[in-house]
Each structure stands twice: as C-alpha cells, then as structure tokens.
1. How many nm separate the modelled label positions at Glu156 and Ala38, each set 7 Å beyond the Cα in the direction of the Cβ?
2. Could the peptides 30-37, 57-64 be put in order, highest first, of the mean number of other beta-carbon atoms found within 10 Å of their residues?
3. Measuring from label point to label point, each 7 Å out along Cα→Cβ, what is the Lys101 to His113 span in nm?
4. Enumerate the calculated ³J(HN,Hα) couplings along the range 107-122 in order (Karplus 6.51 cos²θ - 1.76 cosθ + 1.60, θ = phi - 60°), each rounded to whole Hz, writing x wherever the residue is Gly or Pro.
5. Give me the one-decimal nm value for the distance between modelled label points at Ser50 and Leu87, 7 Å along each residue's Cα-to-Cβ direction.
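No lab work stands behind these numbers, since they all come straight from the coordinates. Keep in mind that this is a model prediction, so the values were computed, not measured. In this analysis, Cβ positions are derived from the backbone assuming ideal geometry, glycine residues included, and neighbour counts consider all displayed protein chains.
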Amino acid sequence: MSRILAGSSLVLVLTACGGSDVAAPTERLWISTVPTSAKQEISAFVTTRSRDDRFIGAFFHGSALRGHHDVFSWVADGRDAAKLTFLQDGKTQKLRFESCKPSRGFDYCLIVHGDPTGARQYQSRKRWSVRRPGKRALELVSVPETLAALAEDDDELAAALVLDAPDEIPATDAP
C-alpha cells in the first residue's frame, strides 16, 4: 500500500520489503532510465527550493549531448498531486503521482500522470537527493548539470556520461 502525504512539499511513502521508505517527488532527481551512453535519450525531472522557499524545477528530455528542458514552479495540489506553472509561457499543468515497485538498482519508483515529456514512470536512488546531508545543497534546475553533479557519487551514472573521443576531429574551413 502506498500513499502521498500533503504538506509544503509532497512526500511519497513507498512500502517495500516489509518496511517503508520516504521519497519526496521534490528535491530529488527522477529519471526514466539510467543512460548507457552519453547519446542515449532519457526523460527526467528535478525540483529544488528557490531562495524564497518556493519549489522550482525542470523537466528534461534528451541526452547528455542534446535535449529540451522546461523550467516550472511547483505547488502541492492535494494528497497526490501538484500544479506546475511553466516559467517560459505561464501555462499550467496538473500532475498526479502514484508509487510503483522500483527496478533493480533503484530505491524509489514514481508514476507521473500528466507528464509533459510523455514519460510515465520515473525512478530514483536514495543518494540522488538534491539536499545532500554533509554536502552543499544543489541549487540547480538544469537536469544535465544535476546528473553531472550527482555522478560524482554514483559510478554507474558517471560511466554513462563519459563521451567517447572521436578517432579523428574533422577539419573546418574556418580561418
């Protein structure tokens, strides 16, 4: 059984292995899959507190080399939902959340209904909190930069972000 508790931030309670872990959709990196290369496309989102104690975040779809992001503000909207306002155009989007069973290698799983990237399921690891105890809090709304910062403590993620050097760099006709 799972449920989401309301508050200034949403907290998803996941029941697994006879116990429960708490994962907040906010202040955490969520990805559709761990990429196997810098060119593999993924969907992801991250949220963090702004300096005035509001939540801001970004959805991302793409690879480490190319992608699209959309920055938003985030407000809890009931027990298992949030209302996003996209900062570029002021459009709003409602999201609804439910927990799911995480795949091997992940600690949390979240199904997001209404995701503008088209992704449905995201996963996260305990160490992917953007409020890291004993370390500087990440104040990023850029998913690629957040991935790179969190890869410092995650060897699998770091390996996926390594670029293969080309055998030969093409010459240009620039003067």
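1. Result: 2.2 nm between the two label points.
2. On the way: 30-37: 18.1, 57-64: 21.4.
Packing proxy ranking, top to bottom: 57-64, 30-37.
3. The two pseudo-label positions are separated by 2.1 nm.
4. Working through the residues one at a time gives 9, 9, 9, 9, 9, 10, 8, x, 4, x, 7, x, 5, 10, 10, 10 Hz.
5. My value for the distance between the label points is 0.7 nm.
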